[in-house]
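Report on the following structure.
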Amino acid sequence: MAASLKIRVILHSGKTVMFEGVIPGKACSAEQDGVCLTVGRGCPAPVTVVPPKSDGPIKSIEYELSTDIANYHQVITPDSGRGYPELMQLVSFWRHKKESFAGDFKMPLFIFTGQDLNMAMAFGLIGPNYETAFRCLEPKRSRALLAYMRRLTIMIKRGTDLYPIPDSVARKRADGAITEYLYFRTSRDAKAQPWALTLRNFAEHQKCLYKIPDVGNQASMAPLWCSWTDWFSDNVTDTVVLDNVRAGVKLGIRNYIIDDGWFGPGLDNDYDVALNLGDWEPDPAKFKDMGKLVRDVRAEGGVPMIWCAPHAVAPGAKCFQDRRRLLLVDGTGELVMSDNLFHMMCFMCPEARQVIADICASFIRQWDFDGAKYDLFNCVPAIRCCSQEHSHDVTSMMEGLHLTLQQIDRATRKLKKDYIVELKQNYATPFLSQFGTMTRAGDTPYNSEGNFLRTLYVQAYSPFAINDYQTITDGDSPQAAACVVLKMMAVGIPTYSIDFDRLGQANKDVIGHYNHWYNQNIKQFMRYRIPLDAQHNIFKLPGRGKQRDLFFLVNGGGDLEITRPSTILNGTFRQGLVVRGKGPKAVKVTSFDPFGRQQGPATKVKLADWTRVGLLPGGMTQFDF
């Protein structure tokens with residue numbers, strides 16, 4: 001059967017109306033029990049629901065897509081870019097039931113890939129950012145996996161049981177009408193493309209329809225170092241930071257994050273260690289003079305940044321009693337505690353948002369930091385705040401976090417217009433990434449493939465995607481280290497958490513070579529990468545004017561067509577590939593090893609037909625016409 005939709009409208013009065021037989025891409029209109037539905041043509045197609053005045057606003061809308069099932073290769077579930085790699089296999093997806101909430105803003109889009117590995121079908125909803133549920137209905141798991149119905153049925157529910165459609169949406173128009181946009185594509189109505197390009201197309205429609213800018217700056221694109229992965233936070237001191245700044249600047253690293261624990265016990269401590277999150281005062285045993293450290297980092301050529309979870313208030317914080325009334329409270333009247341054992345200020349409370357914004361601005365006022373990393377918003381659980389001690393001016397926690405980040409952005413940019421801000425993908429899909437200058441795909445230490453997949457997802461909707469902090473050790477050969485670095489650059493900003501005192505000179509030389517090369521081309525890297533194959537093994541970063549086309553090979557790599565001056569970055573262990581170009585004219589081919597050293601004399605190669613060219617694992621090859 002062809003794909004069809006059921007649209008279920010649930011009103012606050014309790015009335016439920018079901019519209020059946022809606023065909024994606026085709027216009028229709030219907031009325032039932034006073035509820036009016038209008039669906040437009042194309043993709044994305046506007047869908048407008050108007051409730052009867054007598055039944056109050058719309059509580060939720062369910063979009064249930066059903067189609068003949070096929071043997072799909074993989075599924076990309078609605079996600080922020082953090083958890084989807086674990087659910088790509090269909091056998092795991094058949095039990096899929098997730099929600100978008102304040103702790104994880106998911107892109108409301110399902111993508112299924114075919115046996116050619118390209119996008120086969122995509123189904124999503126484009127609308128304001130608020131709580132949304134996603135579910136696979138068929139096939140399903142009961143006592144056993146049930147697939148006899150031979151259908152794929154998936155559902156997107158806008159407005160959840162815990163958080164109905166927010167008042168800012170349901171009551172925005174006098175008639176209570178809600179308009180959102182149905183996104184439905186198949187391989188029959190779109191040219192073959194990798195799933196990341198389908199996700200990018202979806203994000204572009206989001207940005208266009210809701211006028212969301214891509215925000216970033218060149219300073220944010222620089223290679224970055226963070227004090228998190230390679231240290232126990234108790235051992236991170238001003239000396240550790242400054243020593244690594246001195247080493248890192250020589251390796252082309254410019255931005256430096258002083259991470260969790262600068263104020264006392266970090267989250268890497270045992271659970272029986274009391275936290276003091278919320279006070280944001282430097283631990284004098286670790287950081288004797290934060291203002292001086294900031295000046296010293298800057299004097300060495302680095303850009304100082306600070307880690308903060310501005311909404312967090314630990315029970316052991318001195319500020320706990322003062323902020324207690326602003327904290328999240330559950331339905332039993334108890335303060336909500338995160339799994340990491342701290343409380344959280346309520347984003348739906350305007351007074352709490354002001355406190356949070358003031359905390360973030362204080363890092364500039366007190367110590368003159370040039371940037372910040374905002375973390376742990378993803379620790380907020382899917383609960384409804386029931387506090388009687390503070391007021392709420394919105395009805396959605398996701399909307400509250402949106403307003404929180406917006407207020408932080410305004411407060412800090414009044415003090416420093418070009419402030420660098422790192423957000424995490426859980427709370428930085430397109431609607432929120434505009435309040436940062438880069439979006440991190442965390443957390444994947446010692447897992448370059450997981451890092452790659454997560455950053456690939458972020459790169460689909462933001463050109464300012466930042467890799468999680470990569471670790472490189474002396475157990476990695478220089479070729480392997482180069483492959484890790486190039487794999488980062490293929491989809492994002494190169495970032496590191498490495499104790500350079502422990503790293504051998506050979507791998508430092510590799511890191512330094514590629515970071516300096518990256519810095520020379522940094523303006524080009526402010527643009528989207530283009531995956532050229534369905535497996536995301538080849539990426540192109542087109543050059544403009546005198547810029548070279550840049551091609552990144554990762555994992556399995558692949559063959560290429562080259563038509564202008566280009567550089568191939570071989571993030572694989574392949575020792576050759578097949579290339580072709582236009583016309584019989586010979587091109588000059590020059591090879592460099594992972595240290596940037598030219599290997600042998602340049603050669604002349606004709607690319608009129610497919611031609612095999614040698615590669616160096618972890619190296620680069622230049623083609624000059």
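Quick rundown of the values:
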{"read-out": "Cβ-placed point charges (K, R +1; D, E -1), dipole of region 258-402 about Cα centre in debye, nearest 20", "value": "340 debye"}
{"read-out": "Per DSSP, loop trypsin sites (Lys or Arg not before Pro) in region 257-295 with at most 15 further Cβ within 10 Å", "value": "Lys288"}
{"read-out": "Asp330 - accessible surface, heavy atoms, 1.4 Å probe, Å² rounded to 10", "value": "50 Å²"}
{"read-out": "Virtual spin-label span in nm between Arg188 and Asp289, 7 Å along Cα→Cβ", "value": "7.3 nm"}
{"read-out": "Accessible-area value, Leu146, 1.4 Å probe, nucleic acids and ligands omitted, Å²", "value": "50 Å²"}
{"read-out": "Share of alpha-carbon pairs per 10 Å distance bin for region 548-622, given as whole %", "value": "20, 58, 21, 0"}
{"read-out": "Computed [θ] at 222 nm, helices only, for the chain once each DSSP H run of length n ≥ 4 contributes -39500 (n - 2.57)", "value": "-6500 deg cm²/dmol"}
{"read-out": "Gyration tensor (Cα) of region 17-120, equivalent ellipsoid semi-axes in angstrom", "value": "30, 19, 12"}
{"read-out": "Carbon plus sulfur fraction of accessible area for the chain, probe 1.4 Å, in percent", "value": "48 percent"}
{"read-out": "Cβ crowding within 10 Å averaged over residues, with 14-27, 470-483 ranked highest first", "value": "470-483, 14-27"}
{"read-out": "Shape category assigned to region 102-192 from the gyration tensor of Cα positions, a/c cut at 1.5", "value": "oblate"}
{"read-out": "Solvent-accessible surface ranking, highest first, for Cys208, Cys349 at 1.4 angstrom", "value": "Cys208, Cys349"}
{"read-out": "Where labels lie 7 Å past Cα in the beta-carbon direction, separation of Lys97 and Ala602 in nm", "value": "6.3 nm"}
{"read-out": "Positive-pole candidate from Gln206, Ala45, Ala460, dipole of the chain, charges at beta carbon", "value": "Ala45"}
{"read-out": "Highest to lowest packing among 97-106, 456-465, scored as the average C-beta count within 10 Å", "value": "456-465, 97-106"}
{"read-out": "Rel. contact order, % - alpha carbon contacts under 8 angstrom, at least six apart, the chain", "value": "11 percent"}
{"read-out": "Whole-Hz couplings from phi, Karplus 6.51/-1.76/1.60, listed for region 107-123; x for Gly and Pro", "value": "5, x, 8, 9, 10, 10, 9, x, 5, 7, 6, 7, 4, 10, 7, 9, 9"}
{"read-out": "Area projected by the alpha carbon convex hull of region 288-336, averaged over all directions, nm²", "value": "4.9 nm²"}
{"read-out": "Unit charges on C-beta of K, R, D, E only; dipole of the chain, Debye", "value": "2600 debye"}
{"read-out": "Förster-model FRET efficiency, 35 Å R0, Thr590 and Gln115, C-beta, rounded to 0.05", "value": "0.35"}
{"read-out": "Loop-located trypsin sites (Lys or Arg not before Pro) in region 370-465 whose Cβ has at most 12 other Cβ within 10 Å (DSSP)", "value": "Lys417"}
{"read-out": "Added length on full extension, which subtracts the Cα-Cα distance from 0.36 nm per residue, Thr48 to Asp243", "value": "64.3 nm"}
{"read-out": "Cα centroid of region 471-498 to Cα centroid of region 335-383, whole Å", "value": "32 Å"}
{"read-out": "Antiparallel bridges, percent of DSSP beta bridges restricted to the chain (to nearest 5)", "value": "75 percent"}
{"read-out": "Above-threshold pairs, the threshold being 18 Å between Cα atoms, out of Lys106/Lys157; Lys98/Lys157; Lys250/Lys424; Lys582/Lys606; Lys211/Lys424; Lys523/Lys604", "value": "Lys250/Lys424; Lys211/Lys424; Lys523/Lys604"}
{"read-out": "Region 473-625: relative contact order in percent, alpha carbon pairs under 8 Å with at least 6 residues between", "value": "23 percent"}
{"read-out": "Burial order of peptide ranges 81-89, 219-227, 193-201 (average beta-carbon count within 10 Å, highest first)", "value": "219-227, 193-201, 81-89"}
{"read-out": "With all protein chains modelled, accessible area of Met337 [1.4 Å, Å²]", "value": "80 Å²"}
{"read-out": "J(HN,Hα) series, region 493-504, from Karplus relation 6.51 cos²θ - 1.76 cosθ + 1.60, nearest Hz, glycine and proline x", "value": "7, x, 9, 9, 9, 9, 7, 5, 5, 8, 9, x"}
{"read-out": "Euclidean distance between Cα centres, region 406-452 to region 544-599, Å", "value": "32 Å"}
{"read-out": "Length gained when the stretch Phe625-Asp393 is fully extended (0.36 nm per residue, less Cα-Cα span)", "value": "77.3 nm"}
{"read-out": "Value of relative contact order over region 420-561, rounded to a whole percent, pairs C-alpha under 8 Å and six or more apart", "value": "17 percent"}
{"read-out": "Cα shape, the chain, gyration tensor, a/c 1.5 rule", "value": "oblate"}
{"read-out": "Whether region 375-453 is rounded, prolate or oblate, judged on the alpha carbon gyration tensor where a/c under 1.5 counts as rounded", "value": "oblate"}
{"read-out": "Relative counts (whole %) of C-alpha pair distances in region 226-385, using bins that are 10 Å wide", "value": "11, 39, 32, 15, 3, 0"}
{"read-out": "Rounded FRET efficiency, nearest 0.05, which uses the C-beta distance separating Tyr148 from Asp443 and R0 of 56 Å", "value": "0.90"}
{"read-out": "Charge dipole (debye, nearest 20) of region 368-481; +1 at Cβ of Lys and Arg, -1 at Cβ of Asp and Glu", "value": "400 debye"}
{"read-out": "Calculated FRET efficiency for the pair Asp358/Phe232, C-beta based, R₀ 45 Å, to 0.05", "value": "0.90"}
{"read-out": "Unit charges at the beta carbon, dipole of the chain: most positive-side option, Gly248, Cys385, Ala122", "value": "Ala122"}
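The values are calculated or read from the model by the stated rules, or taken from the named source; none is laboratory data. In this text, all values refer to a predicted model and were calculated from it rather than measured experimentally. Note that we place each Cβ from the backbone using ideal geometry, even for glycine, and neighbour counts take in every protein chain shown. To get the accessible areas, we keep the full protein, side chains included, count just its heavy atoms, and leave off ligands, DNA and RNA. Shrake-Rupley method; radii C 1.70, N 1.55, O 1.52, S 1.80 Å.
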